[in-house]
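Heads up, the thing below is written out as structure tokens.
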Amino acid sequence: MRIVIDILLLVGIFFTAVGVLGVNRMPDVFGRLQASTCIATLGTISVSLAGILYAVSEGMGASAVIKLILILVLVLATNPISNHALCKAAYKMGIKPAKELVIDDYKEDDPE
């Protein structure tokens, strides 16, 4: 069980490190938001799963497992929505992407 927990923690560290590199290397706000979503979603999922397995293997109370599951569900529910809202707000403020967009769905939604 310990090996699985260590692997999940390493996966979480990997996605966090790749996301940090992406935030530093992406040319515009839209790419940086995508990279930061990778950190929050994939990194948190892996670390939360490792925490759940650790709590179960160590015989911790059900409250620890429930809290970790709640954190996992809340991250999965709120992170993509907040990323979409931030991208749409940046687009409406007039921030342009680094390259020309192939498909511009936000422009089609804009009534102006």
Selection count where residues are exposed (fewer than 12 other Cβ atoms within 10 Å of the Cβ) and in contact with a Cys (Cβ under 9 Å, 6 or more places away or on another chain), scope segment 69-112: 0
Name the pairs whose Cβ atoms lie under 6 Å apart, with the first residue in segment 52-68 and within 17 Å of ILE7 (Cβ to Cβ), the second exposed (fewer than 14 other Cβ atoms within 10 Å of the Cβ) and of a type in the set (A, V, I, L, M), and 6 or more positions between them or separate chains? SER57/MET1
ALA55 meets each of (1) under 22 Å from the mean Cα position of the chain (by Cα); (2) surrounded by 10 or more Cβ atoms within 10 Å (Cβ to Cβ); (3) assigned to a helix (DSSP H, G or I) with one exception, condition (1)
Could you tell me how many of the residues in segment 24-45 are out of contact with any Leu (no Cβ under 9 Å at 6 or more places or on another chain) and either of a type in the set (Lys, Arg) or modelled with pLDDT of 90 or more (or both)? 3
Of the residues that sit in segment 1-42 and are loosely packed, with under 15 Cβ neighbours inside 10 Å and of a type in the set (D, E, K, R), which one is nearest to HIS84 (Cα to Cα)? ASP28
Cβ-Cβ under 7 Å pairs, at least 6 apart or on other chains, segment 91-109 side closer than 17 Å to PRO27 by Cα, far side of a type outside the set (Asp, Glu) and in a loop (DSSP other than H, G, I, E, B): ALA98/PRO27
When you scan segment 66-78, do you find a residue that is touching a Gly at 6+ places or on another chain (Cβ under 7 Å) and at pLDDT 90 or above, even just one? yes
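The values are calculated or read from the model by the stated rules, or taken from the named source; none is laboratory data. Bear in mind that the values here come from a model prediction, so they are computed numbers and not experimental data. Using ideal geometry, Cβ is built from the backbone for each residue, glycine included, and neighbour counts are taken over all protein chains shown.
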